[in-house]
């Protein structure tokens, strides 16, 4: 059974704060091991990557077989059943259509002082996408990371995916192909991140690395940050459902379980303005937990971190939601758009009971890589912007320099940066000699 | 004297690569000390902050005097000479006018399947800006950090600035006031970052921390990242000037020195298609170094990290520039806009000889907080986007769910996420019972 809270209870604030601050993940400290692996890959290149792959994945590679060949990818793709291929294509098409709209515009204008100003967006040249092996090897995540990169214009997109005992997931390779990935390395762990960041004889370095991974991958991403860009370090998944009593308790129960089944550290929360409805959802969860394939994982998550919170009204619900800053927020209420206006901190909002969160995981269009652990207070889900950077532009005319140069000179002198001031003054002096401004 | 390189030399590639990879900064390892300070501030709150301020800044504070009072800020602002006040106002107005244009648009549309999709931007609720004390306490950096935050809509903007021996920089306080900063704490170092991230009895926690600082501040920002958002960790400043022979060597020399004077680890590079012009600039630098106030710093930077690179043509120049990915790029050529088209990796571009980089440091309008150490390959300067986050929106109708739900179900099953599939299936079954879609 999850926790039951009510804003009417005297101890609500204490219990809610404890819920907010519950530490759901114990990351093992693998930093020293990861530092050694990175140093080894930098020193020995391919040989180190091949050694670690032999040791951790029980797979013997050569420099020539670090990457899948096109023929190998063809063979794996041929194993994908037609229905799954078509589902991947539907997802890829919808994700692409959404992310194309995110492309930002360049700008360049001339202001009243005669200064021309603006900015220009350009793509990261090369990006690397990490894909976990084993159970958490999700083809949907390949689409969600690779498509924004390609929409942004990344020229060279590489994937690193471990293939323990040489086994690869055909849907992952199919998703990579659909998304336009250029090369797929069968390498995982910290050694893959090191190779992507620093390069080896056979693996070209990239400028940005994204994608989820285990504690070794996360620690390696933190370590190579600065040498390359990285995306966020994702924590366990979360959902908050705000639902009134005009809902089928079983639907809401399934939505809660669809996060809980990810991970024993996942968190599923329900806020409702009807205590009896909350009870009915909790009962529906218990019933579903009798038969769910991943009932052991989902049950542990629900028992340890789940909660049903009863509020007096929907204003209380949105206020609590903003304190939670959930990764996924489902609004199963009569007017979800109106309620969404008040929900300012959330990674993704799913509007209305016909929009289960799972739609967003696969085919909705928006990205499913979203800020966890309350970081929606200050960060956003993955987008094309993660694969773009902005160069600012400025061009003065003599007249513009005459208008604003003296202020720059004054501030430079006040900051004791004489050469800054002189670089402006030399030009202003020239203008005073030959009045062309 | 700086290094002289030419693309015509046989050893060019070796020397250029060495220049690219030169490690210009040795950060002391203060991580253990910083971890202890953060833990102490989390445990003891105000008392810890007050103790560290006494020890490091020789300043005795109380919970009541951690923040400047309005009367104190008034008194400091009254010390600012009118010319400097006016220069700050000019800068603030121009920076604001530029950053207002960066505000991104919300979007919401309905696609052919009947799914409504979109996103909505919202501001970080509270942000903290670190301002170094002492020599590097730049009022211009206060404007460059605080104005984008306020333009984005940050409700509560705090500054932390150390005031060693109780001495504050009046221009910093004036800049904070002009930018609309809400509270200014006279606290610095790792203890300030810890207080902003975790809060104390008297210092409210924020969601995002930006601004430059020393090794302690940088290490503390890395440590609190995740609890709050942070901006980039800035390295020493850099400039690359691409100039043809139709320039005054003294102007170019001053532009190079305006970076070199920041820091002995700064880097100033010149690329020119005329070896004799490169020599003339180097001579002009030597002449300026005889009298420059900060000649000791600027001279060391120029000697250790400066370089004059001669190329055969401007195509070579832009290719090298893209490998360097400079923080600041000045294009002193006949058609700078045309050349800029080819410069894809740069933090900020200054177009033409009338646009010295120092204009951008103060009054141009674009931000002067820019990616260093070649990180312009994958990141951008500070902008309003750093103080905004995006929530994605999705709303299905019954018809939309009928159209795309089955693909989601197929992919969920292929990923062994049964509850994901069931959450879609339960709704599809309802639609099949009562055909309303």
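The values are calculated or read from the model by the stated rules, or taken from the named source; none is laboratory data. These numbers come from a predicted model, not from an experiment. FYI the Cβ positions are ideal-geometry reconstructions off the backbone, even for glycines, and counts take in every protein chain you see.
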When restricted to A:276, A:234, the only residue in a helix (DSSP H, G or I) and out of contact with any strand residue (DSSP E or B) (no Cβ under 8 Å at 6 or more places or on another chain) is A:276
Residue by residue through the range A:306-325, note down the ones that are surrounded by fewer than 16 Cβ atoms within 10 Å (Cβ to Cβ) and part of a loop (DSSP other than H, G, I, E, B).
-> A:312, A:313
Test residue B:303 against the criterion of being farther than 27 Å from residue B:139 by Cα, touching a helix residue (DSSP H, G or I) at 6+ places or on another chain (Cβ under 8 Å), more than 10 Å from chain A (Cβ to nearest Cβ) and not in a loop (DSSP other than H, G, I, E, B), and give yes or no.
-> no
Residue count, the range B:410-433, condition at pLDDT 95 or above, more than 8 Å from every other protein chain (Cβ to nearest Cβ) and more than 15 Å from residue A:261 (Cα to Cα), comes to 3
Is it fair to say residue A:355 is at the interface with another protein chain (Cβ under 7 Å from one of its Cβ atoms), surrounded by 22 or more Cβ atoms within 10 Å (Cβ to Cβ) and part of a loop (DSSP other than H, G, I, E, B)?
-> yes
Which residues, taken from the range B:73-104, are over 30 Å from residue A:401 (Cβ atoms), more than 8 Å from every other protein chain (Cβ to nearest Cβ) and in contact with a strand residue (DSSP E or B) (Cβ under 9 Å, 6 or more places away or on another chain)?
-> B:73
Restricting the search to the range B:380-437, which residues are surrounded by 20 or more Cβ atoms within 10 Å (Cβ to Cβ) and in a loop (DSSP other than H, G, I, E, B)?
-> B:380, B:381, B:382, B:383, B:396, B:415, B:417
Which number in (1) more than 30 Å from residue B:197 (Cβ to Cβ); (2) in a loop (DSSP other than H, G, I, E, B); (3) modelled with pLDDT under 95 marks the one condition that residue B:8 misses?
-> (3)
Residue check, residue A:370 against (1) at the interface with chain B (Cβ under 7 Å from one of its Cβ atoms); (2) assigned to a loop (DSSP other than H, G, I, E, B); (3) surrounded by 24 or more Cβ atoms within 10 Å (Cβ to Cβ); (4) under 20 Å from the mean Cα position of the chain (by Cα), all met but one. Which one?
-> (1)
Could you tell me which of the residues B:39, B:67, B:48, B:35 is outside the structural domain of residue B:268 (by TED's automatic domain parsing), surrounded by 11 or more Cβ atoms within 10 Å (Cβ to Cβ), more than 30 Å from residue A:227 (Cβ to Cβ) and touching a helix residue (DSSP H, G or I) at 6+ places or on another chain (Cβ under 9 Å)?
-> B:48
Find all pairs meeting these conditions: Cβ atoms under 9 angstrom apart; at least six residues apart or on different chains; first residue within the range B:324-336 and more than 14 Å from residue B:237 (Cα to Cα) and not assigned by TED's automatic domain parsing to the domain that holds residue B:274; second residue at pLDDT below 95 and not in a strand (DSSP E or B).
-> none
Unique residue being within 30 Å of residue A:218 (Cβ to Cβ), in contact with a helix residue (DSSP H, G or I) (Cβ under 9 Å, 6 or more places away or on another chain) and at pLDDT below 95 when the list is B:234, B:325 | B:234
Test: residue in the range B:258-265 that is within 27 Å of the chain's Cα centre (by Cα), touching a residue at least 60 places away in the same chain (Cβ under 8 Å) and either more than 9 Å from chain A (Cβ to nearest Cβ) or farther than 30 Å from residue A:126 by Cβ (or both) | yes
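Every residue, every condition in (1) within 30 Å of residue A:398 (Cα to Cα); (2) out of contact with any helix residue (DSSP H, G or I) (no Cβ under 7 Å at 6 or more places or on another chain); (3) modelled with pLDDT of 95 or more, yes or no:
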position: A:81; (1), (2), (3): no, yes, yes
position: A:84; (1), (2), (3): no, no, yes
position: A:87; (1), (2), (3): no, no, yes
position: A:92; (1), (2), (3): no, no, yes
position: A:97; (1), (2), (3): no, yes, yes
position: A:102; (1), (2), (3): no, no, yes
position: A:106; (1), (2), (3): yes, yes, yes
position: A:109; (1), (2), (3): yes, yes, yes
position: A:120; (1), (2), (3): yes, yes, yes
Please tell me if residue B:138 is under 17 Å from the mean Cα position of the chain (by Cα), surrounded by 20 or more Cβ atoms within 10 Å (Cβ to Cβ), under 22 Å from residue B:72 (Cβ atoms) and without any contact (Cβ under 8 Å) to a residue 40 or more places away in the chain.
-> yes
Members of the range B:105-117 found to be facing another protein chain (nearest Cβ under 10 Å), surrounded by fewer than 17 Cβ atoms within 10 Å (Cβ to Cβ) and closer than 24 Å to residue B:384 by Cβ, listed by number | B:105, B:107, B:108, B:109
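To keep it simple, each residue is scored yes or no on (1) in the same structural domain as residue B:79 (by TED's automatic domain parsing); (2) more than 21 Å from residue B:46 (Cα to Cα); (3) out of contact with any strand residue (DSSP E or B) (no Cβ under 8 Å at 6 or more places or on another chain).
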| site | (1), (2), (3) |
| --- | --- |
| B:139 | yes, yes, yes |
| B:160 | yes, no, no |
| B:163 | yes, no, yes |
| B:193 | yes, no, no |
| B:215 | yes, yes, yes |
| B:222 | yes, yes, no |
Within the range B:53-62, residues being buried (at least 19 other Cβ atoms within 10 Å of the Cβ) and more than 27 Å from the chain's Cα centre (by Cα) number 2
Here is a list of conditions, (1) on the phi > 0 side of the Ramachandran plot; (2) without any contact (Cβ under 8 Å) to a residue 40 or more places away in the chain, and residue A:373 meets all of them except one; can you say which number that is?
-> (2)
When you go through B:285, B:241, B:311, B:206 one by one, which is the residue that is in the same structural domain as residue B:143 (by TED's automatic domain parsing) and touching a residue at least 12 places away in the same chain (Cβ under 8 Å)?
-> B:206
Residues that are without any contact (Cβ under 8 Å) to a residue 40 or more places away in the chain and more than 7 Å from every other protein chain (Cβ to nearest Cβ), drawn from the range A:376-404 | A:402
